[in-house]
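**Student:** For reference, the structure I am asking about is given below.
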Amino acid sequence: MPLETRTEHVLLEADFTATVRTGRTHADLDALVRSRLHALAFSVTSRLQPVFVGQAQDEINGLLGQPKDCPDGFYRDLVGNVQLYMSDEVTADLAKQREDAARLRRLRFLKENIFSDPSFVAIELFERNPVGGPELDSLLKRASEMALKLRSFDDWWAPLLLAWGDLAQKMQSPAEADVAMRVLLRAISDLDSRLIRNYPVPRPEAGGPN
């Protein structure tokens with residue numbers, strides 16, 4: 001029986017066992033008991049990450065070990081046990097997610113502490129290539145250029161694109177969006193008209209405001 005976890009689309013598998021004393025007649029007592037077991041287990045797994053499967057199992061079994069009576073009198077002394085586990089597919093997916101997260105942290109560290117400063121880039125490359133020569137000089141030049149471009153993007157282009165995205169979301173009508181597009185296209189054309197010809201940029205509607 002699958003159980004949702006705090007991580008979206010990641011399910012735990014659950015095998016339940018239970019004993020119960022019957023009470024009032026019920027058309028499908030087994031289904032009622034299963035639903036109560038699942039609801040209790042879900043109340044635990046839904047607030048935990050799947051990596052805490054052992055903790056979830058202990059907490060659920062601690063609750064299932066306490067005899068419970070049905071509020072409607074259909075059963076008495078419900079006691080259960082659950083074995084939680086992750087499928088091979090889920091285990092592999094989580095391992096891939098952890099690997100991706102670790103790689104992202106490393107890239108963010110490199111960007112913030114090395115590649116944002118051309119001098120750090122040069123030092124790091126020199127440590128890897130202590131022997132000089134034209135090849136190292138060329139590598140240092142390209143790395144420094146990349147560092148400067150990254151800094152330029154963070155300091156200038158990224159904020160500009162974010163601001164333009166916010167502006168686009170605030171447009172209340174096609175006419176306003178058309179005005180904004182004409183302003184942007186005019187700026188691009190004034191700086192380098194070849195970009196308008198070389199790239200399939202969207203065109204404002206004909207007859208729109210100038």
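The values are calculated or read from the model by the stated rules, or taken from the named source; none is laboratory data. Owing to the predicted nature of the structure, the values given are computational and were not obtained by experimental measurement. Positions of Cβ are backbone-derived with ideal geometry, glycine not excepted, and every protein chain shown enters the neighbour counts. These area figures cover heavy atoms from the full protein model, side chains too; ligands, DNA and RNA do not enter into them. Shrake-Rupley method; radii C 1.70, N 1.55, O 1.52, S 1.80 Å.
**Student:** For segment 1-98, please list each of the strands (runs of 3 or more DSSP E) lying entirely inside it that holds at least 2 residues being under 21 Å from the mean Cα position of the chain (by Cα).
**Tutor:** Here the list reads 2-4, 11-22.
**Student:** Oh, and also: Considering only residues of segment 1-24 that are in contact (Cβ under 8 Å) with a residue 60 or more places away in the chain and of a type in the set (Asp, Glu), which is farthest from Val44 (Cα to Cα)?
**Tutor:** Asp15
**Student:** Quick one: which of Leu12, Leu110, Leu40 is at pLDDT below 95, touching a Ser or Thr at 6+ places or on another chain (Cβ under 7 Å) and open to solvent by less than 60 Å² (accessible area, probe 1.4 Å)?
**Tutor:** Selected residue: Leu12, the only one of Leu12, Leu110, Leu40 that is at pLDDT below 95, touching a Ser or Thr at 6+ places or on another chain (Cβ under 7 Å) and open to solvent by less than 60 Å² (accessible area, probe 1.4 Å).
**Student:** Filtering segment 16-31 down to residues that are open to solvent by 80 Å² or more (accessible area, probe 1.4 Å) and not hydroxyl-bearing (Ser, Thr, Tyr), which residue is farthest from Leu94 (Cα to Cα)?
**Tutor:** Among them, the one singled out is Arg24.
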